[in-house]
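The numbers here are math on the coordinates, done by the rules we state, and not lab data. These numbers were taken from a predicted model, which means no experiment stands behind them. Note that we place each Cβ from the backbone using ideal geometry, even for glycine, and neighbour counts take in every protein chain shown.
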Amino acid sequence: MRSHQFLNLPMLAVGGESGLVSRPRGVNPCTPHTPCTGYPSPMAIRHDQGIVLRGYPFGESDRVVIILSPNNGKLRTVAKGVRKTKSRFGGRLEPLTQVDLVLYEGRNLDTITQVSTIEAFPHVRDDLERVGIAGAMLSVVDAVAQENESAHRLFLLLHRALRVLNDGPADPGLLTAFYLKLASLVGVAPALADCASCGGHVDVERFSFAAGGVVCSRCATPDSVKLRPGLLDYLAVLAGSELASLPENGGLAGDGQGLVRRFLEYHLERKFTVAELPGG
Ligand SMILES: [Zn+2]
């Protein structure tokens, strides 16, 4: 098995760390000046980093690990032997861990040859409520991240949100603010002030998933819903707030979170993990 054979070769064969970074993927290094030697090519090994989104069993003892990399978007990697008791990866490939990776590039999946933890967000893991919120964040990121496409802003948003959650206490509006910022990043931000259909701003108090946000009384369709007073203003402030300093929610946190999650589900055509409100 090709990848297994390569795994046993010493890392020295690729010329040290400095030569491993930022190589273009899939480039054949064999040229008339550097003919193929039968050894794995230097370009087949690369460094990357990212936040583990999820994993699932693969074969008898391996695990596929999905990671959000700022440079390369969603990575589909395989950790060999990770389900054995004495795996050299330990718990470092659990969801919610920010990791530094050495990868061997495969045809379909990249194989993890080394992993070290950059940040583990320990206070998120300690608290079921926060684990639930983080899980909801990861599920949306997993749905919008693309493979082989840089994702710097998405990565920074997720990293910032996890750090705020870790440093807690969890704000009831944090997940909703995260949803709104992510919606803006991927181009599906709901209209929260002017009518999504006509742009008007008179009698704008109903919300239509299909229209893309709030609608005025003239544009309201049967599917639009009446919102509780203050909810739109709350969401608009959330959308523009720094994650570590969110506004008072005035009892609207639950409605806000449900509305924005369902809006994302409607426009991204996916179902996302539902999280309980902190303290709820
Ligand atoms: Zn209108």
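Output the pairs from Lys74/Lys226; Lys74/Lys271; Lys80/Lys181; Lys80/Lys271; Lys226/Lys271 with a Cα-Cα distance over 26 Å in this structure; if there are none, say none. Each step should come with its number before you reach the end.
Values: Lys74/Lys226 37 Å; Lys74/Lys271 19 Å; Lys80/Lys181 36 Å; Lys80/Lys271 30 Å; Lys226/Lys271 23 Å.
Over 26 Å Cα-Cα: Lys74/Lys226; Lys80/Lys181; Lys80/Lys271.
Return the Cα extents of region 193-280 along principal axes one, two and three, sorted largest first, each rounded to a whole Å.
Extents along the principal axes: 39, 28, 21 Å.
Using a simple spin-label model with points 7 Å from Cα along the Cα→Cβ vector, what separation in nm is obtained for His123 and Glu205?
Those two pseudo-labels are separated by 4.0 nm.
If each residue of separation counts as 0.36 nm, what is the full-extension length gain between Asp223 and Arg262 once their alpha-carbon separation is subtracted?
Details: separation 39, 0.36 × 39 = 14.04 nm, distance 1.35 nm.
Gain on extension, Asp223 to Arg262, equals 12.7 nm.
For Val78, which sequence-distant residues (separation of 5 or more, or a different chain) have an amide H within less than 5 Å of its own amide H, given hydrogens modelled in the peptide plane?
Residues meeting the criterion, in which the H sits 1.01 Å from N, are Val65, Asp110, Thr111, Ile112.
Based on other C-beta atoms within 10 Å, arrange Ser87, Ser116, Ser150 from fewest to most.
Details: Ser87 16, Ser116 10, Ser150 13.
By the 10 Å Cβ count, ascending, the order reads Ser116, Ser150, Ser87.
Taking θ as phi - 60°, what are the ³J(HN,Hα) couplings along region 118-125 by the Karplus curve (6.51, -1.76, 1.60), each to the nearest whole Hz, with x for Gly and Pro?
8, 8, 10, 6, x, 6, 5, 5
Run through all the Cα pairs of region 63-197 and give the fraction in each 10 Å bin from 0, expressed as whole percent.
Distribution as computed: 11, 39, 33, 14, 3, 1 percent.
Could you give me the ³J(HN,Hα) list for region 76-83, computed from phi with Karplus coefficients 6.51, -1.76, 1.60 and θ = phi - 60°, whole Hz, x at Gly and Pro?
Residue by residue, region 76-83 yields 10, 10, 10, 9, 7, x, 5, 8 Hz.
Determine the dipole magnitude for region 125-268: charges of +1 sit on the beta-carbon of Lys and Arg, -1 on that of Asp and Glu, nothing else is charged, the reference point is the Cα centre, and the result goes in debye to the nearest 20.
Value, rounded to 20: 160 debye.
Please list the non-local residues whose amide H lies under 5 Å from the amide H of Gly55, H modeled 1.01 Å from N, same-chain partners needing a gap of 5 or more.
Here Ile66 satisfy the definition.
For region 53-98, take N as its residue count and report Rg(C-alpha) divided by 2.2 N^0.38 Å. Present the calculation step by step, with values, prior to reporting the outcome.
Details: Rg = 10.6 Å, N = 46, 2.2 N^0.38 = 9.4 Å.
That ratio works out to 1.12.
What would the Debye formula give as log10 I(q)/I(0) at q = 0.15, 0.17 Å⁻¹ for the alpha-carbon point model of region 125-268, no solvent?
Scattering profile of region 125-268, log10 relative to I(0): -0.75, -0.93.
From the backbone phi of region 248-256, what are the Karplus-calculated ³J(HN,Hα) couplings (6.51 cos²θ - 1.76 cosθ + 1.60, θ = phi - 60°) in whole Hz, Gly and Pro given as x?
Karplus values, whole Hz, x for Gly and Pro: 4, 9, x, x, 9, 4, x, 4, x.
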